[in-house]
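J.: Would you mind keeping the following structure in view while I ask a few things?
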Amino acid sequence: MILLFVCALFLITVFLGVPLVWAILITAVVPIFVFDLGYPLQAVYLNFIGGVEPIHFIAIPLFIVAGEMMSRGGVGQRIIDFARAAFGFLPGGLGFVVVGASMLFGGISGSAIADSAAIGSVMIPNMAKQGYSRAFAGGLVAAAGTIGIIIPPSIPMLIYGFVGNVSVADLFIAGMVPGLIFGLFFMAVCYHIGKKTQCDPGGQAVSGRELWRAFIASAPALLMPVLILGGIFSGFMTPTEAAAFAVVYGFFVTVVLYRDFKLRDLPKLLIDSFVTSAIVMVVIGATSVLGWLITLEQMPQILVDFVQSVSSDQFTFLLLVNVVLLILGLVLDPVPAILLTAPLFIPTATSFGVDPVHLGVIMTCNVAVGLFTPPVGATLYVASRISGVGVITIARSMLPLYLVAICALMLVTYVPATSMTMVELFR
Amino acid sequence: MDYRARYPAPLRYLSAGIDGLLAIGGLAIVVIVFVNAVLRGTAGFDLAWSLEVVGFLLLWLTFLGCAAACARGAHMRVTEIVAQLVPVKLQRPLAVAIDGIVVVLLCSMIIQGTNISLHTWAQLTTVLYWPVGLHYASMPAGMAATLLFHLFNFVIDLRDHKVAAKDAAGPDWEDFE
């Protein structure tokens, strides 16, 4: 009863347009009075403060700062130049460039929105000039941009790791192959469209020297994920220290090497990044209050009993995870969707024998798909703004992309080896 | 919607002051965490006080950032459902009701947060001996600033709605003179 009440209250408040942080707090506080649970308000707010207090959360604003710095520092254009040299000769080559550049840029920024904005602003006009419809070009940018949160470093994975007490290093390594799968599936659509419409039949491959030159120009930026992941996996750095290192390295690349980022822009970048971080952090605090109530009222156990009464099959549970997150992803951004469901899903998944690392990857892939589905798809809106095409028109042109994204999601969900093989290798 | 340009001068100064704290505090966090990591990796020791200072900054920047986000109208929310499914006439009363609930919630957070801060003021942190209540004061302080911005946002929205309603009702008699 209380679980149903909490779910209903949350959905009603969110759909009525209450800002997410207050909607979650209302959802946590109101049942205390309605069901006369007797928990003091001071305990509620102590949990709220406690939710944002853990020192390792400092990695969240730091990764946001690093991503913003790389996005504003001219890294996008160099990565596009490299991807164009590498893939531009293939049928549907410009589409390949979008997907390839998004995958590379995702490894640097860790943010889908930054990814879509940086790649889209350059590539959508180019694709339109080549003869692609602006709607498809926008759709491809919106879909490919979401690979940024699957390929490490990934902010939603970082948050899942902190909230669920799961190794961030394992999550990062587990996200690499699924990110590649999504990228390859999107590239297959580009190949098909390029050949079918003949708007982008491909051309001559660039010389090895040109490819090398493009690689060298983007190498300092491409080195960043390698250094971050290397530092974490070697045990030399904690994720928090790696995040601080990413900021300093990003500063070095964009200010000293590329000289595309001006020092006078640094205060604005810090303010914007810490405001973004605060928005996420207070939602984390509110979710920890809800998580506290959920645990005290034994709601995960209720959910386990319910799912087991339907089926004790692991696959049914994973299907339920997919359906719930795909529906939530229609209206929620990745971070709140993960924050809200992780406290419920992790204990349930463990009881069904699903590795929490695998669950983290499944959840991230699910919310990534949610990012480019209407009505609330952040990358969709970014692509719409850049392309000048309406969200619904873009969504209609994306049907093949939705189809392959669901196929990739099923592959990642039901073949644990896609994410766990690399983890086992590194463990 | 970014409300800051429409705030009265004192509130604009408050907003700018919070932005300044975010920039300085943010830079301090980056420098402290990075220097600490370098010292730990190269010299084999770290700064004992760094964790406490960074923890302190994280809490304060989070709650002040919450207020800054309120001034920018930047908190995450789903607006599409109401915009498309709720009749236009009902949207304004709904927004007023939501604003009222948020005010109640913020007041409760300020009161309870102040109590938490006062009750823990005598406890001291282990390295710097700072009052624990000073850490916890970040929530009521940040929420008080958020409440201030929220109330002014509410007034600005109300004014905009009145102007829009007046425009929709047609020109005033004076307009013809």
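Quick note: the coordinates plus some simple rules give every number you see, no bench work behind them. On a predicted model such as this, the values are computed, not experimentally measured, just so you know. Cβ sites come from the backbone with ideal geometry, for glycine too, and all protein chains shown count toward neighbours.
J.: Between A:Gln298 and A:Val226, what length comes free when the chain is fully extended (0.36 nm per residue of separation minus the Cα-Cα distance, one decimal in nm)?
T.: Between A:Gln298 and A:Val226, full extension yields an extra 21.8 nm.
J.: Given a 10 angstrom Cα cut-off, can you work out which residue in A:Ser351, A:Ser218, A:Ser277 is the most mobile in a GNM of chain A?
T.: Highest fluctuation of the listed residues: A:Ser351.
J.: For B:Leu124, which sequence-distant residues (separation of 5 or more, or a different chain) have an amide H within less than 5 Å of its own amide H, given hydrogens modelled in the peptide plane?
T.: Here the answer is B:Val132, since their amide H atoms fall under 5 Å of that of B:Leu124.
J.: So, one more: Average partner chain C-beta neighbours within 10 Å, per residue of A:279-286?
T.: Averaged over the peptide's residues, the number is 5.
J.: Now for a separate question. In what sequence do B:Val132, A:Val189 fall when counting other Cβ within 10 Å, fewest first? The partial results should precede the final answer.
T.: Details: B:Val132 16, A:Val189 23.
Ascending number of Cβ neighbours within 10 Å: B:Val132, A:Val189.
J.: Here's a follow-up. Between A:His56 and A:Phe233, what's the calculated FRET efficiency when r is the beta-carbon distance and R0 is 22 Å? Round to 0.05.
T.: After rounding, the FRET efficiency stands at 0.80.
J.: Neighbouring Cβ atoms within 10 Å as the yardstick, rank A:Tyr191, A:Tyr249 fewest first. Walk me through the numbers on the way to the answer.
T.: Working: A:Tyr191 18, A:Tyr249 21.
Fewest-to-most Cβ neighbours within 10 Å comes out as A:Tyr191, A:Tyr249.
J.: Simple spin-label model, 7 Å along Cα-to-Cβ: A:Val34 to A:Val310 in nm?
T.: Reported label-point gap for A:Val34 and A:Val310 is 2.2 nm.
J.: Continuing with the same structure: Multiply the residue gap between A:Phe426 and A:Thr393 by 0.36 nm, knock off their C-alpha separation, and tell me the result in nm, one decimal place.
T.: 7.5 nm
J.: If we count other beta carbons within 10 Å of each Cβ, what is the order of A:His192, B:His135, fewest first?
T.: A:His192, B:His135
J.: When we measure straight from the Cα of A:Lys129, which aspartates and glutamates land under 15 angstrom away, once same-chain ones fewer than 8 places off are left out?
T.: A:Asp200
J.: Which shape class applies to segment A:166-302: rounded if a/c is under 1.5, otherwise prolate when a/b exceeds b/c and oblate if not, where a ≥ b ≥ c are the square roots of the Cα gyration tensor eigenvalues?
T.: Note, shape of segment A:166-302 comes out oblate.
J.: Enter the angle in degrees (range 0 to 90, nearest 10) between the Cα long axis of helix A:208-233 and the first principal axis of the Cα atoms of chain A, meaning the one along which they spread out most.
T.: Roughly 20 degrees, rounded to the nearest 10.
J.: Looking at chain B, identify the longest residue range that excludes and avoids all chymotrypsin sites (Phe, Trp or Tyr not before Pro) in DSSP loops having at most 11 other Cβ atoms within 10 Å. Working shown, then result.
T.: Numbers: sites that count: B:Phe45, B:Tyr129.
The answer is B:46-128.
J.: What FRET efficiency would be calculated for the residue pair A:Tyr414, B:Arg159, taking the C-beta separation as r and a Förster radius of 56 Å, to the nearest 0.05? Can you show the working numbers first?
T.: On the way: r = 55 Å, r/R0 = 0.98.
Once the sixth-power term is evaluated, E becomes 0.55.
J.: Other chains near A:230-242: what is the mean number of their Cβ atoms within 10 Å of each residue's Cβ?
T.: On the way: counts 0, 2, 0, 0, 0, 0, 3, 3, 3, 0, 4, 7, 1.
The shielding value for this peptide is 2.
J.: If the viscosity is 1.306 mPa s and the temperature 10 °C, what translational diffusion coefficient in µm²/s does Stokes-Einstein give for the protein assembly as shown when Rh comes from Kirkwood over Cα pairs?
T.: 63 µm²/s
J.: Test of the criteria: in segment A:238-277, which trypsin sites (Lys or Arg not before Pro) are in a DSSP loop and have at most 14 other Cβ atoms within 10 angstrom of their Cβ?
T.: A:Arg259, A:Lys262
J.: Another one. How much net charge surrounds A:Asp260 when only other residues with a Cβ under 12 Å from its Cβ are counted (Lys, Arg +1; Asp, Glu -1)?
T.: Cβ neighbours under 12 Å give a net charge of +3.
J.: Given the DSSP H assignment, sum -39500 (n - 2.57) over each helix run of at least 4 residues in the protein assembly as shown and divide by its residue total; what's the result at 222 nm in deg cm²/dmol, nearest 500? Write down the numbers at each step before the final one.
T.: Working: 28 runs with 458 residues, N = 604.
Calculated mean residue ellipticity at 222 nm is -25000 deg cm²/dmol.
J.: Taking the alpha-carbon distance from B:Lys162 and a cut-off under 27 Å, which lysines remain once sequence neighbours fewer than 8 residues away in the same chain are dropped?
T.: Answer for B:Lys162, where 27 Å is the Cα cut-off: B:Lys89, listed by chain and number.
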